[in-house]
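Asker: First, the structure itself, so that you have it in front of you.
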Amino acid sequence: MQQPVRKVVIAGGGTAGWMTAALLRKVLQQQIEIQLIESDDIGIVGVGEATIPPIQIFNQYLGLDEKEFLRETNGTIKLAIKFENWRVPGESYYHTFGAPGAQMGFCSFQHYWMRAQQAGLKESMWEFDLNYLCCERGLFNKIKTENPIYDLQYAYHFDSGLYGQYLRKRATKSGVIRTEGIIEHIKTDDASGFITGLQLKSGELVEGDLFIDCTGFRGLLLRKTLGVNYESWADLLPADSAWAVPTERFEKTLPYTRSIAHPVGWQWRIPLTHRNGNGIVYSSKYISDERALEALMNNLDSKPLDEPRKIQFETGRTAQQWHKNVVAIGLSSGFLEPLESTSIHLIQSGIVRLLKMFPNQGITPGVIDLYNAESKFEFETIRDFIVLHYYVNEREDSQFWKDMRNLTLPERLRVKLEAFKESAAIFNDPSDIFKDASWLQVMMGQGAMPKDFHPAAKISTENELLAVMKKILDAKHQPLDKMLSHDEFLARYTGAA
Ligand SMILES: Cc1cc2nc3c(=O)[nH]c(=O)nc-3n(C[C@H](O)[C@H](O)[C@H](O)COP(=O)(O)OP(=O)(O)OC[C@H]3O[C@@H](n4cnc5c(N)ncnc54)[C@H](O)[C@@H]3O)c2cc1C
């Protein structure tokens, strides 16, 4: 449609809808009209409490004050995810947002660390990561060092419902039109198949040039109206159900998410300032809803605050995320299970991608193809990273874990894993949001130990290498002096003391 886009209509006011409205308004200012429709009767999915570090960039761009943001969303700091019982019951490892070690020469840290281990080094790779050191001690503080490798990288846990409301307040103040009501009919143009307007139950017709589908799992515009197919990844990620329940705030606020593997799935524990978020993710092929709920309720560390809520989903994505004049953002565009807290990030990157390609002078097939190709790649790389956690396991206690070891891996993941096991090499796709350090921690944490390391790690003598290792270790431990307990930091920083 070679017609300028002057009005954007956002269908849905969950986290996806309000993040979209807020960023479009901020970047495009008053050049386009933005109207958002949401239904209080339908409500939002209401889960989604852990994030990854790029959310900081999103918030900064919107001009959010971090202290206010933490107060408004009951937010806490997230330095890592602790994976418990994933490789085998009783063992755990962290996937932190930091990076173990430092840049040392031609090849990356793990090669030198492996050589140093042969030379008698006792410390695990994680001891060389400040994020890990702070997690283990329950510490955090905002520090800035000369070399960012020694900084603490962090994200947040927050109440995503409150985050949506916070963004709504700001977006409506800056001119986004909010309409409450149920979308009953969707009007399309016979010739082009483009959506022309959303008819509300009240009779109001909301017309626009570009429509953003943020209707969550309902997928009202892209899937139901335009008929875009859903590509299921249930063969790789069979979890299709979750129970979620909030519990009383635990006495100490951990600066990380806990992901606890069960015989047929895994459980999350997310600390907020006013409560803990908990849930269990499982495949209904392997366990009944009742037994899954029992497993969750028997494994809470504080009192439930509400009735548990069941959520059903199918992992996968829409075959196109932009079709005609509809772009799907949020759960309407696909869902990967919450293991690595990537859904809110996918909302962020979807909006940024749309803004970069914003069809000011009209929607063209080239732009749609580019958007779809980039989104596909992003979803697939995240999918592969999540599959890695399941595939590399040594659990013998259930058919579920045995079946996960026998998955037929996507080619990119197969090659990556094989290269690492052979030679400790990690080949990164530049636009993969999970960089080398993430792949390294999960591969090693899950038990994929390389047979060999790079010959460049053998250039110095053993004693020289051990001395360098000691220097890095000291440098990584040094900032611990400046840390506060996570609770003390939150109280001081947000003024809640
Ligand atoms: C079990 C689980 C755990 C999760 N954990 C995390 C996590 O830790 N981290 C993370 O990043 N993400 C997580 N997510 C994903 C996260 O919850 C979502 O990405 C996020 O909340 C965005 O949801 P949404 O806005 O797309 O959909 P929703 O919140 O469902 O919003 C849909 C909106 O559309 C509106 N709507 C729908 N139909 C109509 C209609 N006919 N008329 C008018 N309005 C309508 C609704 O009222 C609502 O406003 C999790 C998801 C699940 C299922």
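Where a number appears in this text, it was derived from the coordinates with a stated rule and is not lab data. Since the model is a prediction, treat every value here as computed from it, not as a measurement. All Cβ positions, even for glycine, are placed from backbone atoms using ideal geometry, and neighbour counts span all protein chains on display.
Asker: Among the residues of the stretch 246-255, are any in a strand (DSSP E or B), in contact (Cβ under 8 Å) with a residue 24 or more places away in the chain and surrounded by fewer than 20 Cβ atoms within 10 Å (Cβ to Cβ)?
Answerer: Within the stretch 246-255, one or more residues are in a strand (DSSP E or B), in contact (Cβ under 8 Å) with a residue 24 or more places away in the chain and surrounded by fewer than 20 Cβ atoms within 10 Å (Cβ to Cβ).
Asker: Separate question: Quickly run through the stretch 154-180 and pick out the residues that are polar (S, T, N, Q) and out of contact with any strand residue (DSSP E or B) (no Cβ under 8 Å at 6 or more places or on another chain).
Answerer: Listed by number, the residues that qualify are Ser160, Gln165, Ser174.
Asker: Residue check, Ile44 against (1) within 14 Å of the ligand (Cβ to nearest atom); (2) under 25 Å from His486 (Cβ atoms), all met but one. Which one?
Answerer: (2)
Asker: Also, I was wondering about something else. Return the residues of the stretch 55-99 that are assigned to a loop (DSSP other than H, G, I, E, B) and under 30 Å from Glu394 (Cα atoms); say none if nothing qualifies.
Answerer: Leu79, Asn85, Trp86, Arg87, Val88, Pro89, Gly90, Glu91, Phe97, Gly98, Ala99
Let's see how each residue does on (1) in contact (Cβ under 8 Å) with a residue 24 or more places away in the chain; (2) crowded, with 22+ Cβ neighbours inside 10 Å; (3) in contact with a helix residue (DSSP H, G or I) (Cβ under 9 Å, 6 or more places away or on another chain):
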| site | (1), (2), (3) |
| --- | --- |
| Pro308 | yes, no, yes |
| Phe313 | yes, no, yes |
| Asn325 | yes, yes, no |
| Ala328 | yes, yes, yes |
| Ser332 | yes, yes, yes |
| Pro338 | yes, yes, no |
| Leu346 | yes, yes, yes |
| Ser349 | yes, no, yes |
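Asker: For the stretch 37-54, does any single residue satisfy the condition of being out of contact with any helix residue (DSSP H, G or I) (no Cβ under 6 Å at 6 or more places or on another chain), surrounded by fewer than 23 Cβ atoms within 10 Å (Cβ to Cβ) and outside any loop (DSSP other than H, G, I, E, B)?
Answerer: no
Asker: Taking the stretch 331-386, which residues are of a type in the set (Gly, Ala, Ser) and away from the ligand (no atom under 13 Å from the Cβ)?
Answerer: Of everything in the stretch 331-386, those that are of a type in the set (Gly, Ala, Ser) and away from the ligand (no atom under 13 Å from the Cβ) turn out to be Gly362, Gly366, Ala373, Ser375.
Asker: How many residues are more than 18 Å from the chain's Cα centre (by Cα), among the basic types (Lys, Arg) and within 23 Å of Leu220 (Cβ to Cβ) if we restrict to the stretch 302-349?
Answerer: Going through the stretch 302-349 one residue at a time, the tally reaches 3.
Asker: Go through (1) more than 8 Å from the ligand (Cβ to nearest atom); (2) of a type outside the set (Ser, Thr, Tyr); (3) out of contact with any Ser or Thr (no Cβ under 8 Å at 6 or more places or on another chain) for Leu36 and report which single condition fails.
Answerer: The failed condition is (3).
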